[in-house]
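A short worksheet on the structure shown next.
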Amino acid sequence: MIPFSVLDLSLIVRGSDAATAFRNSLDLARHAEALGFHRYWVAEHHAMPAIASAATAILIGHLAAGTQHIRVGAGGIMLPNHAPLMVAEQFGTLESLFPGRIDLGLGRAPGSDQETMRALRRDPSSADRFPQDVAELLHYFAPPQPGQRVQAIPGAGLEIPVWLLGSSLFSAHLAAHLGLPFAFASHFAPDMMEEAVALYRQRFTPSARQAQPYVMLGLNVVAADSDAQARLLFTSHQQQFVALRRGRPGQFPPPVTETDGLWTPAEQAGIDRALACAVVGGPETVRTGLARFIARHQPDELMIVGAIHDHTARLHSFALAAEARSALAET
């Protein structure tokens, strides 16, 4: 059975705060490690009331310090927001502190709205330089050359896995060209998943970093003791999606027993489309859904997103996902 991993947005639930979100993230990371999940990633977002992981590298250090062996990383760092040298230094520091456990996933989206992007001092054209910035970052991780004045210290010569993240053909093509592993954001933007994965695998060029193509797919998984209970928990994610689309993000909401009137039929269609890669249900439903998704798309790894309001229910959901993986491994 392929590895299962965790993408955690370090949720700030309604009525709570970032400090609680960080405690819950560390608790979930330890839980995931005990359950045998392969890696634990957090993502860079800015000015999002429900997401506490804006200072992504700092949070990665906290999570790595509180766990023993699970890989910890960024899914991802939005590279156009940063100087490549600073990213190399930050992740070189993390790798030096926690050798063999740090991943660096790179994206080219702002991770914010336009006004926040300006507050980050981001050049509006910086996304156009993404391929050059990736190449520069990889250069800083290579062993320094004689006479090389600008070096990442720490960072130079360290073997830090670098991933490209994407929701379109652009990053798939670049990952294939550079010979890097590729993670597709199918958990919220699945429209081009199949085409992007096929393009990446067909055009992959082996590199010193990666001999063969390697695809990780995001999948929403909300598991509970019954299908009805899981569907109830999933309403939090649906509400949050609609709030984001309306331009009114807030803290992550509690589930609701009735969704009629909360959004329009057009918004329901948007939910169904954006969250199409989701497995929601009791143990048997989750096992079946995971098996079908893996059989259809043939990922090399699954990155599971479990956006659930109640922390105890979220821990239980990941435990059920781990049980499903064990059951599938035995078939």
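Within segment 21-53, the set of residues being more than 28 Å from His82 (Cα to Cα) and of a type in the set (Asp, Glu) comprises Asp27, Glu33.
Taken over segment 87-115, the criterion of being under 21 Å from His46 (Cβ atoms) and more than 21 Å from the chain's Cα centre (by Cα) is satisfied by Glu89, Gln114, Glu115. For the residues Leu244, Leu262, Leu233, the requirement of being of a type in the set (A, V, I, L, M, F, W, C), within 23 Å of the chain's Cα centre (by Cα) and surrounded by fewer than 19 Cβ atoms within 10 Å (Cβ to Cβ) singles out Leu244. Here Phe234 fulfils each of the conditions (1) among the aromatic types (Phe, Trp, Tyr); (2) in contact (Cβ under 8 Å) with a residue 40 or more places away in the chain; (3) within 21 Å of Leu180 (Cα to Cα) apart from (3). Does Phe293 satisfy being in contact with a Cys (Cβ under 8 Å, 6 or more places away or on another chain) and modelled with pLDDT of 95 or more? Yes: the conditions hold for Phe293.
The selection criterion, being under 21 Å from Gly15 (Cβ atoms), surrounded by 18 or more Cβ atoms within 10 Å (Cβ to Cβ) and among the aliphatic types (A, V, I, L, M), does not hold for Leu290. Only one entry in Gly111, Gly92 is in a helix (DSSP H, G or I) and either modelled with pLDDT of 95 or more or out of contact with any Cys (no Cβ under 6 Å at 6 or more places or on another chain) (or both), namely Gly92.
Does segment 222-243 contain at least one residue that is assigned by TED's automatic domain parsing to the domain that holds Ala321, assigned to a loop (DSSP other than H, G, I, E, B), of a type outside the set (S, T, N, Q) and over 22 Å from Arg314 (Cβ atoms)? For segment 222-243, residues assigned by TED's automatic domain parsing to the domain that holds Ala321, assigned to a loop (DSSP other than H, G, I, E, B), of a type outside the set (S, T, N, Q) and over 22 Å from Arg314 (Cβ atoms): absent. Might you check whether a residue that is within 30 Å of Leu137 (Cα to Cα), over 20 Å from the mean Cα position of the chain (by Cα) and of a type in the set (Val, Ile, Thr) occurs anywhere in segment 205-218? Yes, segment 205-218 contains at least one residue that is within 30 Å of Leu137 (Cα to Cα), over 20 Å from the mean Cα position of the chain (by Cα) and of a type in the set (Val, Ile, Thr). Set side by side, the residues Ala64, Ala29, Ala54 differ, and just one is among the small types (Gly, Ala, Ser), over 19 Å from Ser317 (Cβ atoms) and touching a strand residue (DSSP E or B) at 6+ places or on another chain (Cβ under 6 Å), which is Ala64.
Residues in segment 24-56 that are touching a residue at least 60 places away in the same chain (Cβ under 8 Å) and assigned to a helix (DSSP H, G or I): Asn24, Asp27, Leu28, His31, Ala32, Leu35.
Of the residues making up segment 1-23, those that are small (Gly, Ala, Ser), outside any loop (DSSP other than H, G, I, E, B) and crowded, with 20+ Cβ neighbours inside 10 Å are Ser5, Ala21. Among the residues of segment 201-214, is there at least one that is surrounded by fewer than 24 Cβ atoms within 10 Å (Cβ to Cβ), assigned to a helix (DSSP H, G or I) and either at positive phi or in contact with a Leu (Cβ under 8 Å, 6 or more places away or on another chain) (or both)? No, the conditions are met nowhere in segment 201-214. If you go through segment 266-286 and keep only what is farther than 10 Å from Ala223 by Cα and crowded, with 17+ Cβ neighbours inside 10 Å, you end up with Ile271, Ala274, Leu275, Cys277, Ala278. Being touching a residue at least 12 places away in the same chain (Cβ under 8 Å), assigned to a helix (DSSP H, G or I) and not assigned by TED's automatic domain parsing to the domain that holds Arg39 is not true of Arg296.
The values are calculated or read from the model by the stated rules, or taken from the named source; none is laboratory data. Given the structure is predicted, the values throughout are model-derived calculations rather than measurements. Virtual Cβ from ideal backbone geometry, glycine too; neighbours counted across all protein chains shown.
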